[in-house]
1. What does the charge dipole of the stretch 92-149 about its Cα centre add up to, to the nearest 20 debye, if the Cβ of each Lys and Arg holds +1 and the Cβ of each Asp and Glu holds -1?
2. Pick the calculated percent of Cα pairs over 36 Å apart for this structure from (i) 30; (ii) 18; (iii) 44?
3. Mind checking which of His225, Ala174, Tyr103 is farthest towards the positive end of the chain's charge dipole, using Cβ charges of +1 (Lys, Arg) and -1 (Asp, Glu) about the Cα centre?
4. Antiparallel as a % of all DSSP beta bridges within the stretch 165-258, to the nearest 5?
5. Count charges around Leu124 for me, please; just the other residues with Cβ under 13 Å from its Cβ, Lys/Arg as +1, Asp/Glu as -1.
6. Quick one: 3J(HN,Hα) in Hz for the stretch 131-142, Karplus 6.51/-1.76/1.60 with θ = phi - 60°, rounded, Gly and Pro as x.
7. What nm value, rounded to one decimal, do you get for the distance between Arg4 and Leu227 when each label is placed 7 Å out toward the C-beta?
8. Would you please give the FRET efficiency between Gln235 and Glu139, computed as 1/(1 + (r/R0)^6) with r the Cβ-Cβ distance and R0 = 30 Å, to the nearest 0.05?
Amino acid sequence: MEFRHLRYFLVLAEELHFGRAARRLSISQPPLSTNIQQLEASVGARLFTRNSKAVHLTEAGRALIPRARALLEQAQQAARHARDVADGLAGSLQVGFVGTMLYCGLPALLGRFQVQHPRLRLTLRELSSSEQLIELTREGLDLGFVHTTRVPPGLSKILVVSQPLVACLPAAHALAGRHSLPLSDLRGEPFACISPGVSADYHARIVALCTDAGFTPEVRYELRHWLSVVSLVSQGLGLALVPQALRESAVPGTAFVPLDVETSPYDTYCLWKTDREHQALAAFLDAVRAEPALTGNGPKHSVGTPGANAGTMG
């Protein structure tokens, strides 16, 4: 049984006339008769009774009509889905992200992308940058949003967010009302940080900044997620240096104060495996490049880096 047989059968079932059915199908009557005979042989039952004056459906023929229509519709849907996947309009993408991206335009990007590509299914996974690097290498992720200083070989990148670090203080802290403050004012305070096992790059940067200000930070709390850091600060248990975007978290009991010293920016990149590019991924990367909510004016720049040096991931 072939789909052609079912298509010919349904037209003949509607017309109940070989001449009219053949004209609709743009074929002559002999091939139509041959195809109907082949279908009947495949089914093992007569589908039509015919004589020189009329053509009628048998009970078997009437029973076959809804199933034949369903089979042809399923075949058409499968073909459409395959074309959509080939064109990047359907399928699925595995996207990794660090928590700060929730306050840097990622939700707006996802919302617009899903409206434009409703048949592309996005699966989001919150992972540390180090975890994302492993998953990108294993192809467990199609792309990821990570904090990093350097991009490993075999990955390409788009810089999506560049932001300063700010002091996160309990709202009742004596320094919370300042317009800005020097790092040295935080000497002797208990610090909350992302664990070095999660972000060695971030942890090393905090220590280096404090060392440059003349003291070693007293790190009492090592946590896995940014919101955990901010929430701990809100309880008055310590303070932290965090990416500026976390001001948008609106956690009660916190204050965010700029530093009066310029620090190197805390950069977030969209990374993907250079040799893994496909239509769905390309469509998402186009959306990343075009999304103004990520930086206010779109990504800073785009660079392919198949030969970049490996470095720590934050």
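1. For the stretch 92-149, the charge dipole is close to 260 debye.
2. So the structure-derived entry is (iii).
3. Of the options given, the answer is Tyr103.
4. Working: 9 of 15 bridges.
Rounded to the nearest five, the antiparallel share is 60 percent.
5. -1
6. 5, 5, 4, 5, 5, 5, 5, 7, 6, x, 10, 7
7. According to this spin-label approximation, the distance is 5.9 nm.
8. Between Gln235 and Glu139 the formula returns 0.15.
Rule-based calculations on the coordinates, nothing more; no lab input. Just so we're clear, the structure is a prediction, and the values are computed from it rather than from any experiment. For neighbour counting, all protein chains shown are included, and Cβ atoms are generated from backbone atoms with ideal geometry for every residue, glycine included.
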